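Okay, so here's the structure we're looking at.
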Amino acid sequence: MDLGLKGMKAAVTGGSRGIGKSIATLLAEEGCDVSICARGEEAIAATRAEIEGHGVRSFGAALQGRDGDSVRQWTRDTCESFGGLDLLVCSLSAGGGTNEERYWYRSFEIDLMSATRAVEEAYPHLKKSDNASILIISSMAAAETFVSPMAYNSMKAALVTWSKQLAEQYAPKGIRVNCLQPGPTMFPGSNWEMIKVARSRTYSGVLRQQPTRRMAEAEEIARSAVFLASPAAQWVTGATLRVDGGYTKGVQF
């Protein structure tokens with residue numbers, strides 16, 4: 001199936017590793033120019049080289065996700081560099097943490113506010129596109145209790161509600177908005193790598209709840225994300241797609 005992505009312009013927050021990187025490189029493979037932002041100049045440079053290896057243009061900036069001005073500036077610079085924007089994928093995340101107050105502020109700024117700031121800056125450009133799409137990366141941890149009370153789960157739940165509200169508001173403007181909820185995913189540098197070593201009982205418990213007895217790979221999540229963001233899913237907006245290999249047990253009506 002042709003996803004209709006060739007020649008489109010995409011921006012991916014948190015695009016230098018894990019799920020975000022897999023989304024960015026798959027978009028490039030499909031023929032999109034791709035811009036990324038994340039921490040670390042070296043990771044940005046390496047991912048840009050991978051993107052350009054598919055014969056498309058890249059743009060990138062190293063920044064802190066809680067720095068609102070930097071997120072806004074990256075979005076504006078992306079649109080200027082590419083001469084517009086068709087797709088925005090918001091995948092920046094602070095990761096897990098605990099229920100301590102500092103993690104609430106951190107998750108609020110990185111998971112939630114980086115997305116709202118990028119969307120606000122991208123909106124004037126997206127509404128000029130013939131195939132505009134926004135994809136918000138949430139988590140299956142927003143759908144049911146997971147591990148323990150923590151800011152991460154609640155902020156990911158907030159993103160689900162916000163994406164649905166955006167979808168209703170932006171549909172008349174020709175902009176689709178959808179949400180993706182990945183399940184536990186293992187990749188180099190992920191929190192799950194650390195948990196496997198430092199909290200092996202927690203890790204084993206999560207694996208026991210997974211019907212396949214393994215975690216997802218980043219590219220497995222990215223394939224669903226790229227489809228949702230693409231023109232091939234043009235009649236899908238306001239949807240939340242859970243991609244968790246059957247981890248969650250609730251029935252979705």
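Some points to look at:
- Dividing the helix sum by the residues of the chain, where each DSSP H run of 4 or more adds -39500 (n - 2.57), gives a mean residue ellipticity at 222 nm of -13500 deg cm²/dmol.
- Measuring nothing but how far apart in sequence close Cα pairs (under 8 Å, 6+ apart) lie, relative to its length, the chain scores a relative contact order of 19 percent.
- Calculated FRET efficiency, A239 to V147, Cβ-Cβ distance, R0 = 25 Å: about 0.45 to the nearest 0.05.
- Reachable aspartates and glutamates, given that their alpha-carbon falls under 18 Å from the alpha-carbon of K196 and they are not under 8 places away in the same chain: E217
- Across the range 78-90, rounded Karplus estimates of 3J(HN,Hα) from the backbone phi angles (6.51 cos²θ - 1.76 cosθ + 1.60, θ = phi - 60°) give 4, 4, 5, 5, 8, x, x, 7, 10, 10, 10, 10, 9 Hz, Gly and Pro being marked x.
- The distance separating the Cα centre of the range 225-253 from that of the range 1-47 comes to 20 Å.
- Each part reduced to its alpha carbon centroid, the range 192-216 and the range 93-113 end up 22 Å apart.
- Relative exposure of S35, S190, judged by other C-beta atoms within 10 Å (fewest first): S190, S35
- Angle between the chain longest axis and helix 18-29 axis [Cα atoms, degrees, rounded to 10]: 30 degrees
- Built from the Cα atoms of the chain, the convex hull projects on average onto 12.9 nm², one quarter of its surface area.
- Violating pairs (Cα-Cα greater than 27 angstrom) within the set K21/K127; K128/K156; K127/K249; K6/K249: K128/K156; K127/K249; K6/K249
- Summed side-chain charge close to A49 - residues other than A49 whose Cβ falls under 13 Å, Lys, Arg +1, Asp, Glu -1: -1
- Candidate cross-link partners of K9 among the aspartates and glutamates, defined by an alpha-carbon separation under 19 Å and a same-chain spacing of 8 or more, comprise E29, E30, D33, E50, E52, D77, E80, D86, E120, E121, D130.
- Burial ordering of T78, T98, T185, T116, fewest other beta-carbon atoms within 10 Å first: T98, T116, T185, T78
- Simple label model, 7 Å out from Cα along Cβ direction - Q252 to Q210, nm: 1.9 nm
- Counting charges near G246 (Lys, Arg +1; Asp, Glu -1) among other residues having Cβ under 14 Å from its Cβ returns a value of +2.
Every read-out reported here was derived from the displayed coordinates using simple, explicitly stated rules and does not represent laboratory data. Values in this document were obtained by computation on a predicted structure and should not be read as measured data. Cβ: placed from backbone, ideal geometry, glycine included. Neighbour counts: every protein chain shown.
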